[in-house]
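Below is one structure; the comments refer to it alone.
The values are calculated or read from the model by the stated rules, or taken from the named source; none is laboratory data. Remember, it's a predicted structure, so these values are computed and weren't measured experimentally. For neighbour counting, all protein chains shown are included, and Cβ atoms are generated from backbone atoms with ideal geometry for every residue, glycine included. For the accessible areas, the whole protein counts, side chains as well, though only heavy atoms, and no ligand, DNA or RNA atoms are used. Shrake-Rupley method; radii C 1.70, N 1.55, O 1.52, S 1.80 Å.
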Amino acid sequence: MTVNSDIEREVHAVAERAGNAAVDLATLSRSVKDTALAAIADALVKRADEITAANAEDVERARRDGTSPAMIDRLTLTPARIEAIADAVREIVELPDPVGESVRGGVLPNGLDLRQIRVPLGVIGIIYEGRPNVTVDAAALCLKSGNAALLRGSSSAYASNTAIVGVLRDALEGTGVPVDAIQMVPGRTRESSTALMRARGLVDVLIPRGGRSLIQAVVRDSTVPVIETGEGLCHVYVDVDADLDKAVAIAVNAKAQRCSVCNSAETLLVHDAIAEAFLPKVLAALAEAEVTVHGDRRVLEIAEAHPTGATVVEADEEDWATEYLSMDLAVRVVSDVDEALAHIRTYSTRHTEAIVTDSLSTSRYFVARVDSAAVMVNASTRFTDGGEFGFGAEIGISTQKLHARGPMGLTEMTSTKYVVTGDGHVR
């Protein structure tokens, strides 16, 4: 493998150390890994002061750079938030270890014993934006599933991530887990990210976590296999047979309960036959939640005829394709479920779609024709989450079809291998 720069040489060096650590990590018992994770959780709390001090540098820099309040909030760490991050690590300790699990197998007619068992992926690179909690989440999930983690956070959280990785690595000393199982990718420029993306043969898989531009850049530029996660342009369709009160509650929750996450709804589709009855109700509720509505012509007409106090602006083509991650919601009236499905096929990122209906046949029709990682029937899109599904912690929501789809928990961070045992068998 040709190395063209100093930073590429440094990235390859940490990847090689991660590969060596992954060999040992793959064979460790659950008890050894859980002991290491418990040590990490304790160290985070014990050394919270130095983490928050480093984080303060990042926050101050972000303020000087004019970063939005929402992004600064994501970046900020407090002792309480660090305690919550440590608790999340402790929750991972309680999860079953997928490594070594037998997926299927049996004795073949020729007497060979065939078993398919779960094994770690190996070296996982995670490229993510300015949320330093991801540093801990990713490292802990990789460790529990037997993978070595190469962590490449954004430059905006560089001081925070450096401090956190130092704490994590120190905590591994003497636990039996190789310290190089957790490493921070060197460098703060795009060159280091590119070097990680081009480290095919040294890195087994890359997982980007962030917005569309980050994900697409990794998919476009990487020679390492990529699992796409995170981007969510989610839809709620309110059918002609919907219970309108339930539909209002679901639509408002899907948008406003937490608007800055990938499973929040960005578009509301409403059947024309109930638009006159439903839209005034939902617009009033959205107004109370301080949501700005980007509506089509029909929505604007109904909003004008039935004043609710909602802020309604005219939608354009860009609105249907926008993952707002803010208190904005695109709303469109459709003629039937097929037009709703056509809209979803055109604009969805294949994350989560929801239908609200009391018609079993329509819900089955919708579920069968939606091509997304998760489909909700009479429930908010906000439930697409590893914890809500009962899987525990997750590395993200995979929106592709290969290897993993939906919440990526510990099981999805493994591959499999076949073990064949014979007694002198030859073919």
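Check whether at least one residue in segment 258-269 is within 16 Å of I302 (Cα to Cα) and in the same structural domain as V313 (by the TED database), and report yes or no.
Here is the first cut: in segment 258-269, the residues within 16 Å of I302 (Cα to Cα) are 268-269.
Then drop every residue that is not in the same structural domain as V313 (by the TED database), which leaves 268-269.
Yes: one or more hits.
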Within segment 388-417, the residues that are farther than 18 Å from D204 by Cβ, in contact (Cβ under 8 Å) with a residue 24 or more places away in the chain and open to solvent by 50 Å² or more (accessible area, probe 1.4 Å) are R405
Listed by range, helices (runs of 4 or more DSSP H) wholly within segment 157-231 having at least 3 residues that are farther than 30 Å from A373 by Cα are 158-172, 190-197
Checked S155, S160 against criteria (polar (S, T, N, Q) and either free of Cβ contacts under 8 Å to residues at least 40 places away in the same chain or not assigned by the TED database to the domain that holds T189 (or both)); the one match is S155
Filtering segment 242-266 for residues that are open to solvent by less than 20 Å² (accessible area, probe 1.4 Å), over 17 Å from R74 (Cβ atoms) and either out of contact with any strand residue (DSSP E or B) (no Cβ under 7 Å at 6 or more places or on another chain) or not hydrophobic (A, V, I, L, M, F, W, C) (or both) leaves a count of 2
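Does A80 count as of a type in the set (A, V, I, L, M, F, W, C) and either open to solvent by less than 40 Å² (accessible area, probe 1.4 Å) or in contact with a helix residue (DSSP H, G or I) (Cβ under 7 Å, 6 or more places away or on another chain) (or both)?
Numbers: of a type in the set (A, V, I, L, M, F, W, C): yes; either open to solvent by less than 40 Å² (accessible area, probe 1.4 Å) or in contact with a helix residue (DSSP H, G or I) (Cβ under 7 Å, 6 or more places away or on another chain) (or both): no.
For A80, the condition - of a type in the set (A, V, I, L, M, F, W, C) and either open to solvent by less than 40 Å² (accessible area, probe 1.4 Å) or in contact with a helix residue (DSSP H, G or I) (Cβ under 7 Å, 6 or more places away or on another chain) (or both) - is not met.
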Taking first residues from segment 15-40 that are in the same structural domain as A140 (by the TED database) and of a type in the set (K, R) and second residues anywhere that are buried (at least 16 other Cβ atoms within 10 Å of the Cβ) and part of a helix (DSSP H, G or I), the pairs with Cβ under 7 Å that are 6 or more apart or on different chains are R17/D180; K33/L143; K33/K144
Checked pairs for segment 190-201, first touching a residue at least 24 places away in the same chain (Cβ under 8 Å) and of a type outside the set (G, A, S), second open to solvent by 10 Å² or more (accessible area, probe 1.4 Å) and assigned to a loop (DSSP other than H, G, I, E, B), C-beta under 6 Å and 6 or more apart or across chains, list as M197/S222; R198/T223; R200/T223
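Considering only residues that are touching a strand residue (DSSP E or B) at 6+ places or on another chain (Cβ under 8 Å), among the polar types (S, T, N, Q) and surrounded by fewer than 22 Cβ atoms within 10 Å (Cβ to Cβ), which ones fall in segment 350-371?
Within segment 350-371, T362, S363 qualify.
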Note on M376: of the conditions (1) part of a strand (DSSP E or B); (2) open to solvent by 60 Å² or more (accessible area, probe 1.4 Å); (3) not assigned by the TED database to the domain that holds D113, unmet is (2)
L95 fails exactly one of (1) open to solvent by 40 Å² or more (accessible area, probe 1.4 Å); (2) within 22 Å of the chain's Cα centre (by Cα), namely (1)
R118 fails exactly one of (1) in contact with a Pro (Cβ under 8 Å, 6 or more places away or on another chain); (2) modelled with pLDDT of 95 or more; (3) open to solvent by less than 30 Å² (accessible area, probe 1.4 Å), namely (3)
A careful count of residues in segment 126-151 that are surrounded by fewer than 24 Cβ atoms within 10 Å (Cβ to Cβ) and among the basic types (K, R) gives 1
